[in-house]
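The values are calculated or read from the model by the stated rules, or taken from the named source; none is laboratory data. Since this is a predicted model, take the numbers as computed values, not measurements. Every residue, glycine among them, receives a Cβ derived from its backbone with ideal geometry; neighbour counts consider all protein chains shown.
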Amino acid sequence: MSTEPLATAIERLPLVDHHVHGALRHDVDRAALELMLTESDRPGPPGTTQFDSQLGFAVRRWCAPVLGLEPHAAPEAYLARRGELGAEEVTRRLLAAAGVAQYLLETGYQADDLLGLDGMARASGRPVGEIVRLESVLEDLARTGVAAADLPARFHEALAVRTADAVGLKSIVAYRHGFDFDPERPTDRQVVSAAGPWLREVEATGTARVADPVLLRHLLWAGVDRGLPLQLHVGYGDPDVELHRCDPLLLTRFIKNVEPYGVDLLLLHCYPFHRNAGYLAQVFPHVYFDVGLGVNHTGMRSDAVVAESLELAPFAKILFSSDAWGPPELHHLGALLWRRGMLRALTPWVAGGEWAAADAVRVARLIGHDNARRVYRLADDG
Amino acid sequence: MSTEPLATAIERLPLVDHHVHGALRHDVDRAALELMLTESDRPGPPGTTQFDSQLGFAVRRWCAPVLGLEPHAAPEAYLARRGELGAEEVTRRLLAAAGVAQYLLETGYQADDLLGLDGMARASGRPVGEIVRLESVLEDLARTGVAAADLPARFHEALAVRTADAVGLKSIVAYRHGFDFDPERPTDRQVVSAAGPWLREVEATGTARVADPVLLRHLLWAGVDRGLPLQLHVGYGDPDVELHRCDPLLLTRFIKNVEPYGVDLLLLHCYPFHRNAGYLAQVFPHVYFDVGLGVNHTGMRSDAVVAESLELAPFAKILFSSDAWGPPELHHLGALLWRRGMLRALTPWVAGGEWAAADAVRVARLIGHDNARRVYRLADDG
Amino acid sequence: MSTEPLATAIERLPLVDHHVHGALRHDVDRAALELMLTESDRPGPPGTTQFDSQLGFAVRRWCAPVLGLEPHAAPEAYLARRGELGAEEVTRRLLAAAGVAQYLLETGYQADDLLGLDGMARASGRPVGEIVRLESVLEDLARTGVAAADLPARFHEALAVRTADAVGLKSIVAYRHGFDFDPERPTDRQVVSAAGPWLREVEATGTARVADPVLLRHLLWAGVDRGLPLQLHVGYGDPDVELHRCDPLLLTRFIKNVEPYGVDLLLLHCYPFHRNAGYLAQVFPHVYFDVGLGVNHTGMRSDAVVAESLELAPFAKILFSSDAWGPPELHHLGALLWRRGMLRALTPWVAGGEWAAADAVRVARLIGHDNARRVYRLADDG
């Protein structure tokens, strides 16, 4: 069975990257770039470099040629060429070569350093939809001097305004608490009571970071009420995470409680719990998942991660995302490595006559764009 | 090193399917069949089909030819052909082609829709032993109007009667509570005390579903007293499960407490915790495991699951099961995909001279039937 | 891209085995040897043999030729040949063929049956550094009749003396309690209070086994104060372990608390939690890990385990160890299987032009010896 049509189809898939952040606005030096090639927020041990990692090797192998260098260019040469071309041209090239047709941009984190909705649209020449981070909306509200008693109502209003043009919502409750939270909706009285001390702290410190589980539950349920697809950071991330508390299985009761509301839940990244996420996506009609982030950071091993994403979940329940943040190398590699992983997984099945070639192409299209278009109700020219 | 003798041996293995349910008695329509191709008990999102899954693709690839269709037949054609042949013929063909020499049938769930011991023996032409579900025995007893004070003694009696001809027992404590239960045997006083309210509820509602952890522990320990091999549902299953509470590692203390009784514990399915099960099977002489259920539902990826089952556990501690329930496609694919997975795992080891060919055949026989015959004390003619 | 230089480089890597125990001093009979080919401390079911396991097959495949037998020699022939050569010659041959340049020997367990620092140096002809087990130091101290009130100060003194020439420390808190311990340093008052009953028990029974979490935390923090690299048994081990309490993610807060002290933490073995360990090694600069032990016990499947170790962790954060204990077969196979796994993982990446050949060699050197030399400050001729 010829596998060439499959290879061509995967190469040309007009991907919807359903969870991505902005590319960097400005040039960065080596130290800064290295810190963006890891989920760590600390420099590595002296004498080591983040380039000596699966992601670092992938940058040198695949991004170097996009910038006009030989594959496997040394980090020094890569940095020099990056500086020579300038941030704008580097971003333009790497985004163009990614073959992403549409971005759903999560705008909640360190937005000042990154291209926003318009900037990403300009740099990529592609449409960009917005995913609104619930925690950011609440934190913005807290900084306005809202009274605790008014918080529940005011948050619903703020959310409605902030998401008027959004296609989805996102929560980072994984980072702020973990998934071992009470799966029930808190009462307004509980929310007001939790808001009091927190708002006083915000006023005193001038900084707002919501970590109270009652307030986090409030924003999750307000998100459910808003009715847009709700993304949840799951699994692996920076050291703020206590990873054992971010196993998506801990969400089981919350997932059941949300089910009657008809809101889709999208479990993001999920590594190393992606098999658990696949289980949830099989048994709950409103649960979806992807393996973004992990694909980039596992580099050559991402073929295993992508393959493991193709187990329990029906093919209508798996999505593609890069979770790229900052260096456009991540936007580029997220797409490239996922395509590569899909090709590696599906090709032997088609070659062996175990999957029909047309089915394999259809599965790649479902995961690559169709599922995202359906869930987020995107226009077809997406 | 020639791998042909290994391929032939695996293809012809007279399997003992040590945990399986009855095939469907009657024809079903597409909606009903789709619901039996997933562990979900809910329909998928509108516009999606359970045929777009690893299991759905496997049905179309391997079951279609058994029914006289081309591989990869469309779901509509497959359903039409199924209806044309009728349930009896479909079942007869798919069972015959599975090459299973003996079934150990778990008879505890929705038995009315499924072939029983005799029906399965007739449809397959093979001997069928019985695995009795402990929860069902207790629930049947509850419906007889037993008094709480008599429950402990009466359950032992009922279990003796019900299992007079059984080869093993099964518990679904994973579904009803999870494995985070007190690993000690409850006292009769505790059992009577827990039985009171439950029996009143059974009387009031007319339905009996045991979920009280004291009663569940009582039936587990009564099962241990009965002395037959005791199967435990582990890991992945329908949405009743809270999967993080079904990691077999949570059974560690219970396993240690059971050890002096000389009763074998068989951890069923285990996905995605099959590596954890393999560890338990290595360190505890009375612990065994299989990767049934997951093999079917991961389709082409089942080769990874089967390979992962061949890590820590000694080869005398791994068994084969399909965990098929309902559509005889599941009985067929459970055997076919396990054979395929074993062949995929063992062939390169033999080809590379890293395992002796005779050893590989012996391991396939241990897992395929010998271990089950030893544990369940089955007659050699299977 | 030629992969021959990579194969040659991996074959010749002068490994630093950064966590290993002594080889057996004496000949053993079959029953004793079988018990040392499993992490179980119980004989298997009657009629089964530990030779029917991944490790057993690996012994027959790779150790048999080192003893002058054909590959896949039967266990009986293997045992006979072992007896014929004698323990000393068997050890000499298997160590020599392992190609290990330096051993870091953990000396805390059943040292009487095993070669010590000098014995291993003589048998291997290679330098041997010492890793001191913290629990053993405390237990030795307890047997001297120390008063509870003096324990904190006396333990610091004893540790200083005992580790004067050591290159690292080790804790088995995983075995004695699990990782769900209070991550804060206990006060001396708490330590004294916990020491009282324990020391009375030691005096009464004449045996010392520390399992009190306060005392275990005391020795961990005393280890941190000592300033040497600190190894932690993680994951899979003998049945003393409650494996779900040994997920390294449970160490997250302890890891954060240790960070300011500048002490490196080395997560040993880690199976089946090695992906979790890789995450910790990425985000925390002072966390390292290896997949020793699991590599031996998964035999032909160790290529999967080694490959999975090459995901999130930067290559400067992964180490090699065998965790061999007792039969020198384990010392031999630990090195052989790890080399084989690295070769299997890296070769296709180099062959496909996805990693530069020189990078692959460099990664093998980092993991095989350079990282250990840096972390333990070993001499270059190590």
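Quick one: count up the residues across the stretch C:89-110 that are over 20 Å from C:Glu11 (Cβ atoms) and surrounded by 17 or more Cβ atoms within 10 Å (Cβ to Cβ).
Summing the residues that are over 20 Å from C:Glu11 (Cβ atoms) and surrounded by 17 or more Cβ atoms within 10 Å (Cβ to Cβ) in the stretch C:89-110 gives 8.
Return a yes/no flag: does the stretch B:350-357 have any residue that is in contact with a strand residue (DSSP E or B) (Cβ under 9 Å, 6 or more places away or on another chain), touching a residue at least 60 places away in the same chain (Cβ under 8 Å), within 11 Å of chain C (Cβ to nearest Cβ) and not hydrophobic (A, V, I, L, M, F, W, C).
no
For the stretch C:337-348, check the following and say yes or no: at least one residue is within 8 Å of chain A (Cβ to nearest Cβ) and touching a helix residue (DSSP H, G or I) at 6+ places or on another chain (Cβ under 7 Å).
no
Here is a check on your reading of the model: is B:Tyr279 assigned to a loop (DSSP other than H, G, I, E, B) and among the aromatic types (Phe, Trp, Tyr)?
Answer is no for this residue.
Please note which helices (runs of 4 or more DSSP H) are completely contained in the stretch A:133-191 and include at least 3 residues that are over 25 Å from A:Thr252 (Cα atoms) and either in contact (Cβ under 8 Å) with a residue 40 or more places away in the chain or not charged (D, E, K, R) (or both).
It comes to A:134-142, A:151-162.
Which condition does A:Asp180 not pass, out of (1) closer than 29 Å to B:Tyr236 by Cα; (2) buried (at least 17 other Cβ atoms within 10 Å of the Cβ); (3) within 14 Å of chain C (Cβ to nearest Cβ), if it passes all the others?
If we test A:Asp180 against (1) closer than 29 Å to B:Tyr236 by Cα; (2) buried (at least 17 other Cβ atoms within 10 Å of the Cβ); (3) within 14 Å of chain C (Cβ to nearest Cβ), just (2) comes out false.
Confirm whether B:Val173 is among the hydrophobic types (A, V, I, L, M, F, W, C) and farther than 19 Å from B:His19 by Cα.
No.
Quick check on my filter: what residues within the stretch B:293-326 are away from chain C (no Cβ under 14 Å), buried (at least 24 other Cβ atoms within 10 Å of the Cβ) and assigned to a loop (DSSP other than H, G, I, E, B)?
Those that are away from chain C (no Cβ under 14 Å), buried (at least 24 other Cβ atoms within 10 Å of the Cβ) and assigned to a loop (DSSP other than H, G, I, E, B): B:Leu293, B:Phe320, B:Ser321, B:Ser322, B:Asp323, B:Ala324.
Name the single residue, out of those in the stretch C:223-260 being surrounded by fewer than 16 Cβ atoms within 10 Å (Cβ to Cβ) and part of a loop (DSSP other than H, G, I, E, B), that is nearest to the other protein chains (Cβ to nearest Cβ).
C:Asp238
For C:Gln190, all conditions in the list (1) under 19 Å from the mean Cα position of the chain (by Cα); (2) farther than 28 Å from C:Val305 by Cα hold save one; what is the number of the exception?
C:Gln190 satisfies every listed condition except (1).
Those residues that are free of Cβ contacts under 8 Å to residues at least 40 places away in the same chain, farther than 11 Å from A:Asp359 by Cβ and buried (at least 20 other Cβ atoms within 10 Å of the Cβ), I need them from the stretch B:47-66; list them, please.
Result: B:Gln50, B:Ala64.
For the stretch B:277-287, which residues satisfy the criterion of being within 9 Å of another protein chain (Cβ to nearest Cβ) and within 9 Å of B:Ala313 (Cα to Cα)?
B:Gly278, B:Tyr279, B:Leu280, B:Gln282, B:Val283
Name every residue in the stretch A:327-382 that is of a type in the set (Asp, Glu) and in a helix (DSSP H, G or I), in order of residue number.
A:Glu329, A:Asp359, A:Asp370 - these are the residues of the stretch A:327-382 that are of a type in the set (Asp, Glu) and in a helix (DSSP H, G or I).
Quick check: is even one residue across the stretch B:108-115 closer than 22 Å to B:Gly368 by Cα and touching a strand residue (DSSP E or B) at 6+ places or on another chain (Cβ under 6 Å)?
No, the stretch B:108-115 contains no residue that is closer than 22 Å to B:Gly368 by Cα and touching a strand residue (DSSP E or B) at 6+ places or on another chain (Cβ under 6 Å).
Does the stretch A:79-88 contain at least one residue that is in a helix (DSSP H, G or I) and modelled with pLDDT under 95?
no
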